[in-house]
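Just so you know, all these numbers are worked out from the coordinates, no wet-lab data involved. All values derive from a computational prediction rather than experimental measurement. A quick note on method: Cβ atoms are made from the backbone with ideal geometry, for glycine too, and the neighbour counts reach across all protein chains shown.
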Amino acid sequence: MGLGLPEKKNGFKFTGSISPFVPIIVFLTILCTQINSVSAVTNEAVPGGGAFSISDFFSDQNLSDATVRFEQALENVSIVFTLSSENKILKSETFLLGHVEKGQEITKVLFWGLKEDFGKDRESYKAQLFVKNGIEILDSRNLSFSYRSPILSKIKLIDFSADSEKASALIILTSSTNLRSLQVPEPSVIDLDLKLLSDTEVVYSESHENIPVTDAYYKPIYWPLLLEKNRNYTAILKVHSHSPAITTAYRSDFRAEEKVEIVDKDIRVDEYGASVTVIGKSQVPFDGTIKVVLTPEEGEVKVFEETADILTAGREDTLGIVWQGIPKGDYNVKIYVLNLEGEVLDSHETVLRVTEPVTETSQAEKSQGFDFVVTLGIFISLSIFPGRKR
């Protein structure tokens, strides 16, 4: 008998009964594939899905604010705030944003403007936030609260105020109600969120997180931006307590004004001249002059004036003024800080006795010797007077 060709073998040769789990595994595989396909289609169909995120939403009976971050560019976008009670709309406000850029973060603040005594008989309010694309609602949030603001049980805000220089808050840790307890109260941890508004636009914001309050906590926050003179601003501070988790908001309004102060301890006045140091106390730039008025017991009043540097909060300027031959005698000295409109922003008074005046000389003598004396006087005055010229 001749040799036969080797029999062709299948790669998956069945040599027994089929396992009952095989059909189940195949069915689950097909089902998962279909679910993933449907899920992908659903995510694409969700309006605004992944296009934005509402990172913050807060409201009480006085105001509401929200922050929305857009992860992609959108058109015809608006943010709507509503306040209702007992299914009745009390206030609704729409902010039209129009086109928004990818990565843009927008914060809006709304003051409800309700009367002070309005709603005291109501049990609760409901604030809602809607993010819209045209008439289509992309997302919404809601928050319920009572008329009375929640109390930060472990801490108490003693003061919150703002002006043209800064905003400042003073917070204390409340003592235990058990007077017989000698145990030191546990520290409270808070977050601070400060916003500066011009009308309804947020022009500056700053946040501080995980601040321990063990006794008294004072926090000044200086404005790092220039403010517009005679413009009204509003500062809002939100205080969030970690335990219990409660957030309250506080408001302070102010009108931006120039403010500059004379540093009294740095004033030097003698028979050669005067040295005056002024410091800015506002983020409204000061532009003006320093005027020194010498009034003798008898005789003519002498007035000296120098232009100061433009000053903002924290900046100093020291000016040296040299008398030009004042007679011997006693003088009342008045120092004024004036802005360009002639308003007196600060003043200081002192006295001066001149025992050996520098007499005025003829024009020829001035050209040879008086200039040297004046220069020497300036050098001596600025050398012995502490101060800085910035």
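For Glu343 and Glu105, what does the FRET efficiency come to when R0 = 45 Å and r is the distance between their Cβ atoms, rounded to the nearest 0.05? Can you show the working numbers first?
Values: r = 40 Å, r/R0 = 0.89.
Efficiency, rounded to the nearest 0.05: 0.65.
Show me 95-104, 192-201, 287-296, 232-241 ranked by packing, highest mean number of other Cβ atoms within 10 Å first.
Details: 95-104: 13.0, 192-201: 16.7, 287-296: 18.3, 232-241: 19.9.
For the peptides 95-104, 192-201, 287-296, 232-241, the packing ranking is 232-241, 287-296, 192-201, 95-104.
Could you tally the net charge around Leu110, taking each other residue with its Cβ under 10 Å from the Cβ of Leu110, Lys/Arg +1 and Asp/Glu -1?
Details: positive: Lys91, Lys108; negative: Asp65, Glu93.
Every neighbour counted, the sum reads 0.
Only four residue types carry charge here, +1 at the Cβ of Lys and Arg and -1 at the Cβ of Asp and Glu. Report the dipole size of the range 52-145 about the Cα centre in Debye, rounded to the nearest 20. Could the numbers behind the result be given before it?
Details: 11 positive and 15 negative charges, 31 e Å.
Computed about the Cα centre, the dipole is about 140 debye.
Using only alpha carbon positions, build the gyration tensor of the range 52-145, then give the equivalent ellipsoid semi-axes as the square roots of 5 times its eigenvalues, largest first, whole angstrom.
On the way: eigenvalues 144, 28, 23 Å².
Gyration-tensor ellipsoid for the range 52-145: 27, 12, 11 Å.
Do the alpha carbons of any pairs in Lys259/Lys291; Lys102/Lys166; Lys115/Lys154; Lys219/Lys334; Lys126/Lys238; Lys102/Lys238 sit beyond 25 Å of each other, and which pairs? Show your work: numbers first, answer last.
Numbers: Lys259/Lys291 16 Å; Lys102/Lys166 33 Å; Lys115/Lys154 30 Å; Lys219/Lys334 36 Å; Lys126/Lys238 19 Å; Lys102/Lys238 28 Å.
Table pairs above 25 Å Cα-Cα are Lys102/Lys166; Lys115/Lys154; Lys219/Lys334; Lys102/Lys238.
Report the rotationally averaged projected area of the range 155-255 based on its alpha-carbon convex hull, in square nanometres. Could you put the intermediate results ahead of the total?
Details: hull surface 26.8 nm².
For the Cα atoms of the range 155-255, the hull's average projected area reads 6.7 nm².
Which FRET efficiency value, to the nearest 0.05, do you get for Glu206 and Thr94 by plugging their Cβ-Cβ distance into 1/(1 + (r/R0)^6) with R0 = 35 Å? List each step's numbers first, then the result.
Values: r = 28 Å, r/R0 = 0.79.
So, using R0 = 35 Å, E works out to roughly 0.80.
Sort Lys115, Lys302 so that the residue with the fewest other Cβ atoms within 10 Å of its own Cβ comes first and the one with the most comes last. Could you put the intermediate results ahead of the total?
Working: Lys115 7, Lys302 17.
Ordered by Cβ neighbours within 10 Å, fewest first: Lys115, Lys302.
Rank-order 62-72, 341-351 by packing density, defined as the average count of other C-beta atoms within 10 Å over each peptide's residues, highest first. Mind showing how you got there, number by number?
Numbers: 62-72: 18.7, 341-351: 12.5.
Sorting 62-72, 341-351 by mean packing, highest first, produces 62-72, 341-351.
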